[in-house]
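Values quoted throughout were computed directly from the atomic coordinates according to the rules given, and no laboratory measurement underlies them. Since the structure is predicted, the reported quantities are computational estimates derived from the model, not experimental observations. No Cβ is skipped: glycine too gets one built from the backbone with ideal geometry, and neighbour counts run over all protein chains shown.
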Amino acid sequence: MINGDPDADGISGTTIYCEALTYLGLEYEYDFPIRTKEGHGLQIRIIDIAKKKGIKLIITTDCGSKDYEAIEYAKDKGIDVIITDHHVLGKDKNPALALINPFTIKKPTLFQKLSGGGVSLKFVLTLFKFINQVSSAKFSRQYCFRCKSEQRSVLEPPAFLPAGLQSRLLRHLREPSSAFQKRIVLPAQFHLR
């Protein structure tokens, strides 16, 4: 189950996960919080749906770094949670199975400027490389850069960044290198418990 944030960034990250899971031939479901009623983040309602359907894993996109109570609720229901997010971390240790967030890197880095969709993409590319299913460059070309409008919605760096930094981020995302993946995704958490 994918729990996306109900904004452009969370929808983009959810799309990346849907495309990746489809590429792997896996079944999945996704849902978004009802913004006017639930706000954002990992939702109890979505956890309950996952439990009812026998789903054992929830992956968030663009949310979850501070959703400790919802993560504990999911754990109590026998559901693992992987958080992929780009928001500042809370003070407490996140109880998720994995937290993939550039802010887990203690010193400042330009990767802390990635969008939630960018974090989701880097996780997918690293996962594909790890399981040797597909080259990350092939997946990027085939699924994440179908047209200019999708490219902008999925990976456009925040507008407040200087133009040079925006182009560097996009270059790294379009042409992933092992050095880039080691700096952003792996240290940004595969702190599995």
Revision key, fill the gap. Residues whose modelled amide H sits under 5 Å from the amide H of residue 58, counting only those 5 or more places away in sequence or on another chain, are 80, 81, 82
Revision key, fill the gap. Counting only residues 5 or more apart in sequence or on a different chain, those whose built amide H sits under 5 Å from that of residue 100 are 83, 84, 85
Study note, to complete from the structure: Once phi for every residue in region 76-93 is put through the Karplus expression 6.51 cos²θ - 1.76 cosθ + 1.60 (θ = phi - 60°), the whole-Hz ³J(HN,Hα) values, with Gly and Pro written as x, are 4, 8, x, 10, 7, 10, 10, 9, 10, 7, 10, 8, 4, 6, x, 7, 7, 5
Study note, to complete from the structure: Checking rank on 73-82, 96-105, with mean other Cβ inside 10 Å and highest first, the result is 96-105, 73-82
Practice item. Determine, from the Cβ-Cβ distance of residue 88 and residue 44 and an R0 of 35 Å, the FRET efficiency 1/(1 + (r/R0)^6), rounded to the nearest 0.05. Key: 0.95
Point to revise | Contour excess over end-to-end distance, with Cα ends at residue 131 and residue 105 and 0.36 nm allotted per residue | key: 6.9 nm
Study note, to complete from the structure: In vacuo Debye sum over C-alpha of region 1-77, base-10 log of normalised intensity I(q)/I(0) at q = 0.18, 0.24 Å⁻¹, listed in q order, is -0.68, -1.15
Exercise for review: Determine the alpha carbon to alpha carbon distance for each of 51/129; 53/129; 66/107; 37/129 and list only those over 27 Å.
Suggested key: 51/129; 53/129; 37/129
Exercise for review: Name the residues whose placed amide hydrogens come within less than 5 Å of the amide hydrogen of residue 64, ignoring near sequence neighbours (fewer than 5 apart) on the same chain.
Suggested key: 42
